[in-house]
1. Restricting to the stretch 451-479, give me the number of residues that are without any contact (Cβ under 8 Å) to a residue 40 or more places away in the chain and outside any helix (DSSP H, G or I).
2. Hey, any hits in the stretch 122-131 for a residue that's without any contact (Cβ under 8 Å) to a residue 12 or more places away in the chain and acidic (Asp, Glu)?
3. Any chance the stretch 370-378 includes a residue that's at pLDDT below 70, over 23 Å from Cys545 (Cα atoms), part of a helix (DSSP H, G or I) and polar (S, T, N, Q)?
4. Residue under question is Val88, and the condition is that it be of a type in the set (Val, Ile, Thr) and buried (at least 23 other Cβ atoms within 10 Å of the Cβ); does it hold?
5. Considering every residue within the stretch 46-53, establish whether at least one is in a helix (DSSP H, G or I), within 31 Å of the chain's Cα centre (by Cα) and not charged (D, E, K, R).
6. Could you tell me which of the residues Phe25, Phe5, Phe66, Phe29 is surrounded by fewer than 17 Cβ atoms within 10 Å (Cβ to Cβ) and within 30 Å of Phe260 (Cβ to Cβ)?
Amino acid sequence: METTFSLQFLPSLIGGIISLGMMIFLYKFASNVLVKVLMLMIFGAFLWAGGNFLENIFVDQSLKVFWLKVEYLGLITLPVLWFILSFVYIGRGHFLKKRFIAILFLPAVIILTCFWVPGLTEFMFKKIYVDTSGSFPALELKYGPVFWFAYVHNNIYMFLGTVLLFRQMFMVQKDLGRKIMFLVLAMVIPWICTFLVVFNICPWIEVDLSPASVVISLALLSAAIYPFKSISVPISRDIILERVENGIVVIDSKNRVIDFNASFLKLTGLSKIKFSESFEKICHHINLSETLLKKIPFTREIVVEVDGEAKAFEVQASCIRSDKNKSIGTLITLKDITENKKLTDALFQSVKMESLGVLTGGIVHEFNNIMSTVSGYTELAQNASESEKVKNYLKKALVGSDLAQKLTEQLVTFSKGGAPICRAVELFPFFEQRTKLLVGKAKVKTVFKISEDLCAPWIDKGKISLVFDGIVTNAVESMPLGGELTVCAENYFLKKDSKMLANGKYVRIVFKDNGSGIDKDIILKIFDPFFSTKMHGRGLGLASCYSIVEQHGGTIEVESTGGKGSKFIVYLPVKSDE
C-alpha cells in the first residue's frame with residue numbers, strides 16, 4: 001500500500017491525538033450523563049480527524065474513499081450529539097427517550113446509508129476521483145443532493161443546540177463572558193473551515209482543516225459547560241455532591257431527578273435512580289409525603305427500613321433559583337439522625353425515669369404503710385366474721401390489696417431507694433432453666449447459644465431475673481400460635497465510649513423471637529412508664545426492665561418490624577477484675 005506524507009496532514013493527526021487524550025481525561029467523569037454525551041462527540045471528532053489523516057496519507061483511491069466514509073461517520077453524527085448534549089445540559093434530558101433519539105438520528109442514518117451503500121454513493125457525491133496535480137494526491141469531490149441535505153442538517157442541529165446552550169448560560173451570571181466566548185468559538189471555528197472547503201474559497205489550502213478544528217471546538221465547548229452539571233449554578237460536583245456523607249438529590253421544576261450522589265443511594269438502600277425519574281416514586285420508598293413537594297422549603301423527620309433495620313432521617317428541601325429569582329429546581333438533603341435520635345430518646349427516657357423516681361420515692365413508703373393497715377384490718381374482719389358471704393368479699397379485698405402491694409414493688413424499681421445489690425453472677429444454666437419454666441406449655445421452641453467462656457456479669461440476680469422474665473414473657477405472648485425463641489449470650493468488649501455505654505467489658509444477651517413484632521410508630525414508646533398495648537396492662541413491665549438494667553450500668557436495645565418478630569439486646573457490665 002503506497003502512502004505519502006505532507007506537513008499539511010499534521011493538523012488532522014494532532015487533532016486525533018488530542019481527541020483521544022480528551023476521552024481518557026473525561027473517563028473519570030463518565031458517571032455523569034453529560035460527560036457520556038460529550039465523550040461520544042469527542043469519539044466522533046476522533047473518527048473525523050483520524051479518518052481525514054488516513055485518507056490523505058494513502059495514495060490508492062479505494063482506500064481514500066473508505067477512510068472518507070469513516071470520516072463522515074463522525075462528521076454527520078457530531079451535530080446530532082451536540083443537540084442532545086444541549087438538552088442534557090439545560091436539564092431536559094427526560095425528553096430524550098429512545099424513540100425521540102431515534103428520530104433525531106434518522107436523517108443522519110439516511111445520509112450515511114446513501115454514502116456507504118454501493119450504488120447510492122452518487123447521491124452523496126456525483127463524482128469522486130484522485131487529483132495528482134498538487135503536491136500530493138488528494139480526493140476531488142463533486143457534491144450531490146444528499147451532500148447539501150447533510151450540510152443543512154448539520155448546521156440546523158448545531159444552531160439549535162447552540163441556542164439552547166446560550167439560553168442556559170444567560171441564566172448563570174458567573175463567568176458568563178468567558179463561557180459565551182468559548183461557546184461562540186466552539187460553534188464557529190469548524191463550520192468556517194467547512195465553508196471554506198465546500199465553496200473552495202481558499203484553493204491554496206489543499207487539506208480540509210475542519211477535522212482538526214472540530215477537536216479544538218469540543219475542547220472550547222468542554223470549557224464553556226464545565227462544571228459538567230451546571231443545571232442551576234456552577235458547582236464543583238466532586239466536592240459538593242460525592243464527598244459528603246449526607247444524601248443529596250437535585251430535582252427540576254417538574255420534580256424530575258436531574259442529579260444525585262452515591263450517599264443518597266447508600267442511606268436509603270436504593271440500588272439505582274434513573275435520570276429524569278419522577279421524585280414522587282422515591283417519596284413512596286422513603287415514607288415522605290409527595291404533597292410536601294408543593295410546600296418547599298420544608299424539614300421533616302422520616303423513618304425508613306434499610307436492610308431490615310429502621311433508620312431515622314432528617315429531610316430538608318430548599319428551592320434553587322436563577323439569578324433572575326426564578327425557581328428552576330429543588331435541592332433535597334437526607335441526613336442520618338438514627339444515633340442522635342437514640343441518644344435523645346435515651347436522655348429523655350432517663351429524665352422520665354428520674355422524675356418517676358422522685359415521685360415514687362416520696363409516696364411508695366406511705367402507700368405501703370396504708371396498704372399494710374388495710375390488709376391487716378381486712379384479715380381481722382375476715383377472721384371475726386361469721387358470714388361466709390362477707391368472708392368471701394373480704395377474701396377478694398385481700399387479693400386486690402395484694403395486687404396493689406405488688407404494684408408498689410414495681411414502682412420501687414424507679415425510686416432512688418431501689419438500687420441493686422450487685423455481685424458476680426453466673427447467668428447460665430440458671431437463667432436457661434428459668435426461661436424454660438416461663439415458656440411452660442406454650443408452643444414455643446427455645447434455642448440457647450451460650451458462649452463457653454462467658455464472663456460472670458456484676459449484677460443483682462433477683463432484679464435481672466425480673467428483666468429476663470419480662471422479656472421472655474413478652475416474647476411468648478407475641479407468639480400465641482407458637483414459634484421460636486432464641487437466646488444468645490456472648491462476651492462483648494467496648495473499646496470506645498458510645499452514646500449509650502461506657503467503654504469496658506460486657507455480657508451481651510440477645511432475645512430473638514419470630515412473633516408479631518412491634519410497629520415502627522410505637523417502638524420508641526415501649527420503655528415509657530404506663531405505656532402498654534395490652535388491654536389490661538399497666539405499662540410497667542418493659543419500663544421496669546429498662547430502669548433495672550440502666551441502674552446496673554447497662555442498657556437495652558430493641559430491633560423490630562411489625563409482623564417480622566423482635567430482638568431485645570441486653571448489655572450487662574462485667575467488673576474490671578473479671
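The values are calculated or read from the model by the stated rules, or taken from the named source; none is laboratory data. Every value quoted in this text rests on a predicted model; they were computed, and no experiment measured them. Reconstructed Cβ throughout: ideal geometry from the backbone, glycine too, with neighbour counts over all protein chains shown.
1. Number satisfying all stated conditions: 3.
2. Within the stretch 122-131 (the criterion being without any contact (Cβ under 8 Å) to a residue 12 or more places away in the chain and acidic (Asp, Glu)), the answer is yes, since at least one residue qualifies.
3. Step one: list which residues in the stretch 370-378 are at pLDDT below 70, which gives none.
Looking for residues that are at pLDDT below 70, over 23 Å from Cys545 (Cα atoms), part of a helix (DSSP H, G or I) and polar (S, T, N, Q), one finds none in the stretch 370-378, hence no.
4. Answer is yes for this residue.
5. For the stretch 46-53, residues in a helix (DSSP H, G or I), within 31 Å of the chain's Cα centre (by Cα) and not charged (D, E, K, R): absent.
6. Just one listed residue meets the conditions, Phe25.
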